1. For region 94-133, which positions are over 28 Å from Gly30 (Cα atoms), outside any helix (DSSP H, G or I) and in contact (Cβ under 8 Å) with a residue 12 or more places away in the chain?
2. Only one residue in Gln177, Gln91, Gln130 is of a type in the set (S, T, N, Q), modelled with pLDDT of 95 or more and open to solvent by 60 Å² or more (accessible area, probe 1.4 Å), so which one is that?
3. Pairs under 6 Å by beta carbon, first residue more than 17 Å from Asn136 (Cα to Cα) in region 19-38, partner of a type in the set (D, E, K, R) and part of a helix (DSSP H, G or I), six or more apart or different chains?
4. Would you say Ala69 is assigned to a helix (DSSP H, G or I) and touching a Phe, Trp or Tyr at 6+ places or on another chain (Cβ under 6 Å)?
5. Would you check which residues across region 146-162 are surrounded by fewer than 20 Cβ atoms within 10 Å (Cβ to Cβ) and in contact with a helix residue (DSSP H, G or I) (Cβ under 8 Å, 6 or more places away or on another chain) and list them?
6. Quick check, is Tyr61 free of Cβ contacts under 8 Å to residues at least 12 places away in the same chain and among the aromatic types (Phe, Trp, Tyr)?
7. Can you find a residue in region 77-87 that is farther than 20 Å from Ile170 by Cβ, in contact with a Gly (Cβ under 9 Å, 6 or more places away or on another chain) and without any contact (Cβ under 8 Å) to a residue 40 or more places away in the chain?
8. What's the number of the only condition in (1) under 30 Å from Gly176 (Cα atoms); (2) part of a helix (DSSP H, G or I); (3) at pLDDT below 95 that Thr62 fails to meet?
Amino acid sequence: MTEINKNILSSELTKEKLINEGIKLFALHGINGVRTRQLAENAGVNQSAIPYHMGGKLGVYTAVIRKIATELARESNVEIFDSQFTQIRTQSQCDAQKAEMLIKLLMNGLSRALLAPEREYYSVLILREQLEPTENAEIIFNEFIAPFHVRLSDLVQFITHHDKQTAIIIAHALIGQILGFVIARKSVLKRLEKRELDPSLIEQISEQINILACRAIITQ
């Protein structure tokens, strides 16, 4: 490995450490509650690495937001949905079985993306940006929220033939069913006497949300 390649690898590793530690710290304390020194120490890098590699604390935060938006978008099944919906959309109407399949595809994807224990801090950061938006809120909206929201509302409109505004409101209400478990994660875990949302529990939650979603859309 050449010296240049070593430097590039070292730079990327430093960035990765800062971003991964930033996800946790920014989720717990918010961007204003995290000090540069704290971020560097927790990441195990020199404090000067933050301005050098990331342009400062805000640069780390932006990189964190981009990472979670990209990963959540990838996990939410939108690409698989696109290929299947494109085929079904050529038909004059969508039969109940195909409609149910598409609804479950999207809702399962979003449930697993937001409720998986390893992405708990992702969800916290998403909520922070909804409640107290920074300039990075647009990244989350454009790269994660809007692409999913548009697909779900388009599906609702295709199945129900509602006007666009009504379809958007229905889609938002369905997404809210999942967000309820994100926001009140601690409460539901306490009620269930569980420590975390394990895969089987997430599957059960998704199943119940799917039932509500299918009833709301297909029966209209």
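The values are calculated or read from the model by the stated rules, or taken from the named source; none is laboratory data. It should be emphasised that the depicted structure is a prediction, and the values quoted were computed from it without experimental measurement. Virtual Cβ from ideal backbone geometry, glycine too; neighbours counted across all protein chains shown. Note: accessible area is taken over every heavy atom of the protein model, side chains too, but ligands, DNA and RNA are not part of it. Shrake-Rupley method; radii C 1.70, N 1.55, O 1.52, S 1.80 Å.
1. Just the residues of region 94-133 that are over 28 Å from Gly30 (Cα atoms), to begin with: 94-108.
Checking the rest, the ones that are also outside any helix (DSSP H, G or I) come to 94-95.
Cys94, the sole residue that qualifies.
2. On the way: Gln91 fails: modelled with pLDDT of 95 or more; Gln130 fails: modelled with pLDDT of 95 or more.
Result of the check over Gln177, Gln91, Gln130: Gln177.
3. Hits for this filter: Thr36/Lys57.
4. Values: assigned to a helix (DSSP H, G or I): yes; touching a Phe, Trp or Tyr at 6+ places or on another chain (Cβ under 6 Å): yes.
Yes: the conditions hold for Ala69.
5. At the first step, the residues of region 146-162 found to be surrounded by fewer than 20 Cβ atoms within 10 Å (Cβ to Cβ) are 146-147, 149-150, 154, 157-158, 160-162.
Answer for region 146-162, where residues must be surrounded by fewer than 20 Cβ atoms within 10 Å (Cβ to Cβ) and in contact with a helix residue (DSSP H, G or I) (Cβ under 8 Å, 6 or more places away or on another chain): Pro147, His149, Asp154, Gln157, Phe158, Thr160, His162.
6. Details: free of Cβ contacts under 8 Å to residues at least 12 places away in the same chain: no; among the aromatic types (Phe, Trp, Tyr): yes.
Considered against the rule, which asks whether it is free of Cβ contacts under 8 Å to residues at least 12 places away in the same chain and among the aromatic types (Phe, Trp, Tyr), Tyr61 comes out as no.
7. yes
8. Going through (1) under 30 Å from Gly176 (Cα atoms); (2) part of a helix (DSSP H, G or I); (3) at pLDDT below 95 one by one, Thr62 breaks only (3).
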